[in-house]
Amino acid sequence: MSMSGPRNLIICEYCDAVYERAPVQRHQRALCTRCGGVLYRHSSLGIQQRLALSVTGAVLLVFANLYPVMTIGMQGLSNSATLWDSVLILSSGSITFIALVMALAIIFAPVLQIALLCWVLSFALAGRRAPGFAMCMRCLEGLRPWSMLEVCLLGALVAVIKLAGLLDVIPGIGLIALAALSVLIIYIAGRDIRDLWEQV
Amino acid sequence: MNTPAQAEDLGLCLCHGCGQACDLSDGSHTCERCGAALHPRKTNAITRGWAFLFAALVFYVPANLLPVMHTEMLGSGSDSTIVGGVIEFWEAGAWDIALIIFIASIGVPAIKFFSLGLLLFTAQSGSSWARRQRSQLYRGVELIGYWSMLDVIVVALVAALVQLRGLGTIEPRPGILFFGMVVVLTMFAAMSFDPRLIWDDPGNDGGGTDGASE
């Protein structure tokens with residue numbers, strides 16, 4: 001058994017099989033031979049690119065939250081709603097708890113993800129670990145399942161179709177920002193940010 | 001194809017915080033890299049999994065029976081449930097949207113209940129049946145888990161938009177709370193289950209773990 005220390009080993013999270021890390025090419029990923037789970041993928045993003053995309057994400061996040069996702073109109077009356085409005089409408093009455101889940105899923109988790117990424121990556125660019133690096137990285141792991149912008153995007157599209165039969169629906173800037181941001185977050189906040197542990 | 005070595009047999013443990021292979025032989029219980037607590041297996045994975053799953057099943061009943069939203073249009077009000085929303089789209093001819101909502105709000109929870117129940121049951125009995133497929137099933141459950149939030153988001157957005165005084169208003173109703181709880185609880189159930197239990201042999205501990213991996 002030629003072991004070069006645990007650092008070079010990778011353990012399958014689905015079945016506990018142990019492998020030695022082998023380099024992967026672009027578009028390649030390493031699969032567990034036993035259970036078929038993905039061990040790791042090739043990460044095509046460098047620190048600089050990832051930081052640039054995170055800053056882009058921050059800008060999109062501002063747009064997605066400040067501008068209405070859509071506006072409706074009917075007989076001269078009109079009303080528009082932002083993401084925050086849709087959280088607020090749930091917080092009234094006896095169902096406040098779901099407003100908290102919703103706020104986490106579509107506002108707080110993405111905001112935290114982007115903020116943590118910008119923080120960690122801007123230090124990494126200078127070749128240093130950010131203060132609280134370990135905690136930030138663990139937060140990013142923990143937040144991932146609760147960040148649901150892509151579900152929110154589909155939800156907004158369903159809402160457009162649901163309402164389009166009854167009233168005039170005008171998609172807003174918020175919806176476009178949401179569409180771009182949901183794709184971007186999947187790309188930059190995925191599992192491969194773990195590579196940062198080795199890079200800085 | 002020779003079977004890869006098991007982390008347990010090498011005295012190693014995967015850190016769920018950062019993916020590091022940690023050495024357990026020196027008696028450490030935290031990852032030296034990120035400081036997260038190390039568990040060779042998740043604590044009480046099966047008991048917790050069942051508990052969350054049953055809680056989710058209980059909430060699933062009011063989620064489907066209670067109205068999720070109340071529509072007030074030009075003086076006439078009506079309540080609608082989740083199934084009602086699907087039927088409404090279907091009858092209006094928008095079968096594609098009906099299908100999306102049906103899959104997200106009825107199909108996905110049903111598949112999750114069934115899959116998690118199956119995974120918990122087989123892991124509990126230490127079954128060696130279709131291990132690879134069960135691993136894939138777990139990954140599928142992880143992947144589709146949160147798409148059921150779709151309904152909650154649709155109701156929230158629609159209710160936030162349709163606030164036209166005098167013409168029409170839409171308000172959320174408690175059904176959506178229960179529906180959201182089902183989603184959250186099944187996500188907790190999937191997270192507390194440990195997929196490595198699928199591969200654990202109850203009686204026999206590590207036969208051929210001589211070779212180095214790959």
Of the conditions (1) in contact (Cβ under 8 Å) with a residue 24 or more places away in the chain; (2) farther than 18 Å from A:LEU175 by Cα, the single one that A:LEU153 does not satisfy is (2)
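With respect to B:GLY175, is the statement that it is facing chain A (nearest Cβ under 10 Å) and at positive phi true? It would help to see each step written out before you state the result.
Values: facing chain A (nearest Cβ under 10 Å): yes; at positive phi: no.
No, not satisfied.
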Which one is nearest to the other protein chains (Cβ to nearest Cβ) among residues in the stretch A:85-139 that are surrounded by fewer than 18 Cβ atoms within 10 Å (Cβ to Cβ), among the polar types (S, T, N, Q) and without any contact (Cβ under 8 Å) to a residue 60 or more places away in the chain? A:SER94
What about B:ALA45, is it modelled with pLDDT of 90 or more, small (Gly, Ala, Ser) and buried (at least 19 other Cβ atoms within 10 Å of the Cβ)? yes
Consider A:VAL158 against the criteria (1) farther than 21 Å from A:ALA58 by Cβ; (2) in contact (Cβ under 8 Å) with a residue 40 or more places away in the chain; (3) not acidic (Asp, Glu): it satisfies all of them except one. Which criterion is unmet? (2)
Evaluation of A:LEU66 against (1) touching a helix residue (DSSP H, G or I) at 6+ places or on another chain (Cβ under 6 Å); (2) within 18 Å of A:SER182 (Cβ to Cβ) (one fails), failing number: (1)
Candidates A:PHE108, A:PHE63 - the one that is assigned by TED's automatic domain parsing to the domain that holds A:LEU175, of a type outside the set (D, E, K, R) and under 24 Å from B:ILE144 (Cα atoms): A:PHE108
From the option list B:ILE97, B:ILE103, B:ILE111, single residue qualifying as part of a helix (DSSP H, G or I), surrounded by 15 or more Cβ atoms within 10 Å (Cβ to Cβ) and touching a Phe, Trp or Tyr at 6+ places or on another chain (Cβ under 8 Å) is B:ILE97
Within the stretch B:6-47, track down each residue that is more than 19 Å from A:LEU143 (Cα to Cα), touching a Gly at 6+ places or on another chain (Cβ under 7 Å) and facing chain A (nearest Cβ under 7 Å). B:GLN6, B:ASP23
For residues that are touching a Gly at 6+ places or on another chain (Cβ under 9 Å) and exposed (fewer than 15 other Cβ atoms within 10 Å of the Cβ), scanning just the stretch A:44-84, find the one that is farthest from the other protein chains (Cβ to nearest Cβ). A:LEU66
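The values are calculated or read from the model by the stated rules, or taken from the named source; none is laboratory data. Values in this document were obtained by computation on a predicted structure and should not be read as measured data. Neighbour counts run over all protein chains shown; Cβ positions are idealised from the backbone, glycine included.
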